[in-house]
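What follows is a single structure, written as C-alpha cells, with notes after it.
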Amino acid sequence: MYESYWRKLGDRCSMVISGNDLMSYFSNPGNLCWFLMPELDHAIRRLHGVVRNAIADDDRFIVVGTGSTQLFHALLYALSSPNEPEPISVVAAAPFYSSYPEETEFLRSGLYKWAGDAYSFNKDGPYIEVVTSPNNPDGAIRGAVVNRKGGKLIHDLAYYWPQYTPITGRANYDVMLFTFSKATGHAGSRIGWVIVKDKEIATKMVKFIELNSIGVSKESQLRAAKILGVISDDCLNSGPNKEENFFEYGQHLMSERWEKLREVVKRNGVFSLPKYSPDYCNFSGEYTDHNPAYAWLKSKEGLNSDNLLREHKIVTRGGTKFGVGSKYTRISMLSSDDEFNLLLERLSAIKVTTNGNY
Ligand code: PMP
C-alpha cells in the first residue's frame, strides 16, 4: 500500500552494492550483537527518538533479526530455561496474532509450549505473555492480562507507528519487538529488531540467531538503514519546502481507507466493526484516530464471516485462527489500491435478502 510513496521518492532510497562489498559474516565484532550493522543500529535508535514511540537509548540492546518472526523464536528460547521441570507456558489474550500458537508449537520444544488465551490462564509458575499493541487482529491498545509473579512479557509493537495509532508515550518495556514490514511496508527485506533491557536475554537471542542463520543479511540491513534514515530526515525537516513525511502520508491514506470501509460496512448492515476513540498523538501534535492495519469484522447474525465473505470472493482469515469464534474475521487494510477498491466493491455487493439470506 505504501509503494506509490516510495516510488515518488525516486532515487533518494537507492543504493549501490558492488561485488566486493559486505562479504564478511561480521558487522561489528566489538558489539554484543556482532551481526548488527552500525548504520542500522544508528537509524533505528534515531527513528524511535524522532517518532517518540519507544525508548531506544544507548543502554538498551538492539538485536536484529530476519523479520520479527525470527526474533520471536529467539525470544522463546531466550526467555525459557533448560533447568525448569516442564516447558514454560506461552499465552496471549484472545483474539491473538494467529502465528503465535503456530510458531510456538512448530518444533514441539521441550523449553516452551503454547497455553492459549491469557484471559483463561490460571496455572502457577513461570509463563511468557505476548502483549501485542495495537493488537493484530482487532487494533486494540493492550496491556498485560495475567500479571502474576514469574511472568515474562514480550511486547510486540509491530503496529505502534503513527499511521496506525496515536503515539501516546515512549514505550519502555523489557522486551519490545518492531518490524520493518509494518513500519514502512518493506516486508520483503525481512528486517525486524528487538529492544532489550537485559544483557543476558540479548546474549541468548544473539546465540540463537548465530546458530539459526549466522546473522542477518547485510544488504537488507543497509537498505533498511537507508530508508529509516530518509524517513527521520523528512520528519525533522521543517523548512519551507517541507513535504508530507512518510507517517503523515500513511496516516492520511489509512484514515481515508477506514472512512470508506466504515461507510460500506454501515450501508450493507451485515457486519459491525470495533470503535476506537481518538487520542492525542505526541508525534503529530494533534488528536488522531486509530487506523488499524486490519479490519476485525463481526457478523451481526452470528454467521461464519469468513465463509460468507469467501462466497463473495473476499479471502479473509477467520476468527478461530485468532482464538475466538467464527462470527469474527480479519481483513487486511494494507493491500494495494486496486485490491482495496475491489474489496469495497465486493463488500458493497453483499445484500440481505428478504428471507434473511446473503
Ligand atoms: N507480529 C505481528 C503482530 C504481526 O502482525 C506480524 C506480521 N503479520 C509479525 C509479528 C511478523 O512480522 P515480520 O516477520 O514480517 O517482521
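The values are calculated or read from the model by the stated rules, or taken from the named source; none is laboratory data. Predicted model, so just to flag it, every value in this text is computed and none were measured. Note that we place each Cβ from the backbone using ideal geometry, even for glycine, and neighbour counts take in every protein chain shown. Surface accessibility is based on the protein's heavy atoms, side chains included, excluding ligands, DNA and RNA. Shrake-Rupley method; radii C 1.70, N 1.55, O 1.52, S 1.80 Å.
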**Asked** In region 235-307, which trypsin sites (Lys or Arg not before Pro) are in a loop and have at most 16 other Cβ atoms within 10 Å, using DSSP for the loop call?
**Response** K242, K275, K300
**Prompt:** Residue by residue through region 311-319, which ³J(HN,Hα) values in whole Hz follow from phi under the Karplus form 6.51 cos²θ - 1.76 cosθ + 1.60 (θ = phi - 60°), with glycine and proline marked x?
**Reply:** 4, 9, 6, 10, 8, 10, 10, x, x
**Item:** Whole-Hz ³J(HN,Hα) from phi, Karplus 6.51 cos²θ - 1.76 cosθ + 1.60, for region 45-57, glycine and proline x
**Value:** 5, 5, 4, 4, x, 6, 7, 6, 9, 7, 7, 10, 5
**Asked** Along the positive direction of the dipole of the chain (beta-carbon charges: Lys, Arg +1; Asp, Glu -1; about the Cα centre), which of N268, Y173, L32 reaches farthest?
**Response** N268
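In whole percent, how big is the carbon plus sulfur part of the accessible area of region 86-156, probe 1.4 Å, protein atoms only?
Values: 1630 of 3070 Å².
Using a 1.4 Å probe with all protein chains present, region 86-156 comes out at 53 percent carbon and sulfur.
So what is the 222 nm mean residue ellipticity for the chain from helices alone, if each DSSP H run of at least 4 adds -39500 (n - 2.57) and you divide by all residues, rounding to the nearest 500 deg cm²/dmol?
Values: 10 runs with 121 residues, N = 358.
My calculation for the chain gives -10500 deg cm²/dmol from helical runs alone.
When the chain is fully extended, how far beyond the present Cα-Cα distance does N341 get from D279, taking 0.36 nm per residue of separation? Let's see the in-between values first.
Working: separation 62, 0.36 × 62 = 22.32 nm, distance 2.81 nm.
Once the chain is fully extended between N341 and D279, it gains 19.5 nm.
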**FRET efficiency estimate (nearest 0.05) - Cβ-Cβ, L9 to K197, R0 41 angstrom** = 0.75
**Message:** Need one number: nm distance between label points at E210 and E248, each 7 Å from Cα along Cα→Cβ, rounded to one decimal.
**Reply:** 4.6
**Message:** Among M333, M15, M176, which one shows the highest mean-square fluctuation when the chain is modelled as a Gaussian network with alpha-carbon springs under 10 Å?
**Reply:** M15
**Message:** Given a Förster distance of 35 Å, report the FRET efficiency between D233 and S24 from their Cβ-Cβ distance, rounded to the nearest 0.05.
**Reply:** 0.75
**Prompt:** Sorted by mean Cβ packing within 10 Å, highest first, what order do the peptides 195-202, 164-171 take?
**Reply:** 164-171, 195-202
**Request:** With a point put 7 Å past each Cα toward its Cβ, work out how far K313 is from E263 in nm, to one decimal.
**Result:** 2.2
**Asked** Quick one: accessible area per residue over the chain, 1.4 Å probe, rounded to a whole number of Å²?
**Response** 47
**Fill in**
When all Cα-Cα pair distances of the chain are considered, the percent exceeding 36 Å is 25
**Prompt:** So, with +1 on the Cβ of K and R and -1 on the Cβ of D and E, and no other charges, what is the size of the charge dipole of region 221-306 about its Cα centre, to the nearest 20 debye?
**Reply:** 400
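All other residues with a Cβ under 12 Å from the Cβ of E286 taken together, and with Lys, Arg as +1 and Asp, Glu as -1, what is their net charge?
Once positives and negatives cancel, what remains is -3.
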**Message:** Just to verify a number: FRET efficiency for T168 and K113, C-beta to C-beta distance, R0 = 41 Å, to 0.05?
**Reply:** 0.75
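Relative to the Cα centre, what is the charge dipole magnitude of region 1-127, using +1 at the beta carbon of each Lys and Arg, -1 at the beta carbon of each Asp and Glu, and rounding to the nearest 20 debye? Don't skip to the end; give the middle numbers.
Details: 10 positive and 15 negative charges, 77 e Å.
The calculation lands at about 380 debye.
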**Heavy atoms of C235 accessible to a 1.4 Å probe, total area in Å² rounded to 10** = 30
